[in-house]
Amino acid sequence: MTIVSKDINKASEILHDEDVVAIPTETVYGLAGNIYSEKAIRKIFQLKQRPLFNPLIVHIHSTEQLDEIVSYIPDKAKLLADTFWPGPLTLILKKKSNIPDLVTSGKDTVAVRIPRHPLTLSLLEKIDFPLAAPSANPFGSISPTNPSHVENYFRGRLSMILDGGDCKSGIESTIIGFENDKPVLYRLGSIAIEDITKVTGPIEIKNKKETAPNAPGMLSRHYAPETSTFLVDDVEEFIAGRTDKNIGVLLFDKKINAPNIAVQEILSKKGDLKEAASRLYASLHKLDKLNLDLIVAERFPDSGLGKSINDRLERATRKN
Ligand code: AMP
Ligand code: MG
């Protein structure tokens, strides 16, 4: 039986027992375990069926706690942390030797962030260890943004889901690493790139599989529904010749008129990219449950969070 509740005392007890708890964050739900417990970390990899060479993000509650896990912080990392933490920004920094190799896949760096979710921050303050937490979905599938998504994936195999409601940002954190102290963006995410460069100045982007081979979020196919999914510039034109198909569409702000559409998901009627990002995965989960022949998504404007949304849709629609 999986407990679904807001009880952080219970969550803390389970984590102290070296077990795994699904936790809410502002981005997506995570599968969390004590970074110092080999048993818990192995269970995370096993539940997710995630390859061991893909490192996990470590969650902490304060910049003071950062000193426990990293050995060096470049000036621009400090600036980014001061600006965006708690929030959906992950920094890749040189790790201290006490951080288990299992968490970092043997790398000499560790991915770390302070999440912006009151329940999870209280939990992190209550326990005396950081939490490693990748997204709470089987490797490659759509990330969960509410407790029922997590339950559907891991029903019965997970001791507890800490119920923090719907995730407010809805797509994963923006990941930034450092090469010779210069920031490099490895994953587009919940913080728009324009907001990052206001702090860092121009930044190199390496979010492709070829340049970021160790980032699973960077694999060509990831975040993918079971249903055959397409990303197109013109949805009406794409579906016009497919009248024999049962089609679900995912649109930014406006409905379209076509007889062969079974269901339309509009991500933000007011055309707000932040709202659209927060609803993206919930809409994909919903469409994926309807036994459609096809899901057709509209390409978003290529700026701000639109870039991050397009990145996820491209990976969701890639065939390999
Ligand atoms: P997830 O938590 O499932 O959204 O994935 C965490 C992301 O952080 C993945 O893309 C990881 O590969 C990336 N990551 C974690 N640690 C490191 C690291 N030390 N170096 C580079 N990427 C990392
Ligand atoms: Mg993930």
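Listing for the model above:
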{"read-out": "Which numbered condition Ile73 misses (of (1) without any contact (Cβ under 8 Å) to a residue 40 or more places away in the chain; (2) over 27 Å from Gly106 (Cβ atoms); (3) within 15 Å of ligand 1 (Cβ to nearest atom))", "value": "(2)"}
{"read-out": "Some residue of the stretch 66-88 being polar (S, T, N, Q) and open to solvent by less than 30 Å² (accessible area, probe 1.4 Å)", "value": "no"}
{"read-out": "Residues within the stretch 95-110 that are out of contact with any helix residue (DSSP H, G or I) (no Cβ under 8 Å at 6 or more places or on another chain) and outside any loop (DSSP other than H, G, I, E, B), tallied", "value": "3"}
{"read-out": "Given (1) open to solvent by less than 40 Å² (accessible area, probe 1.4 Å); (2) over 21 Å from Leu91 (Cα atoms); (3) at pLDDT 95 or above, index of the condition Pro130 fails", "value": "(2)"}
{"read-out": "Any strands (runs of 3 or more DSSP E) falling wholly within the stretch 151-214 and containing at least 2 residues that are within 15 Å of ligand 1 (Cβ to nearest atom) and crowded, with 21+ Cβ neighbours inside 10 Å", "value": "174-179, 182-187"}
{"read-out": "The stretch 285-320: number of residues that are touching a Lys or Arg at 6+ places or on another chain (Cβ under 7 Å) and surrounded by 17 or more Cβ atoms within 10 Å (Cβ to Cβ)", "value": "4"}
{"read-out": "Residue within the stretch 65-83 that is within 20 Å of Thr25 (Cα to Cα), more than 16 Å from ligand 2 (Cβ to nearest atom) and out of contact with any Leu (no Cβ under 9 Å at 6 or more places or on another chain) present", "value": "yes"}
{"read-out": "Matching option when the condition is more than 30 Å from Ser283 (Cβ to Cβ), touching a residue at least 60 places away in the same chain (Cβ under 8 Å) and more than 10 Å from ligand 1 (Cβ to nearest atom), among Phe129, Phe84", "value": "Phe129"}
{"read-out": "Within the stretch 140-169, tally of residues that are closer than 15 Å to Arg279 by Cβ and not hydroxyl-bearing (Ser, Thr, Tyr)", "value": "8"}
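The values are calculated or read from the model by the stated rules, or taken from the named source; none is laboratory data. No experiment lies behind these values; they were computed from the predicted model shown. Reconstructed Cβ throughout: ideal geometry from the backbone, glycine too, with neighbour counts over all protein chains shown. With ligands, DNA and RNA removed, areas are computed over all heavy atoms of the protein, side chains included. Shrake-Rupley method; radii C 1.70, N 1.55, O 1.52, S 1.80 Å.
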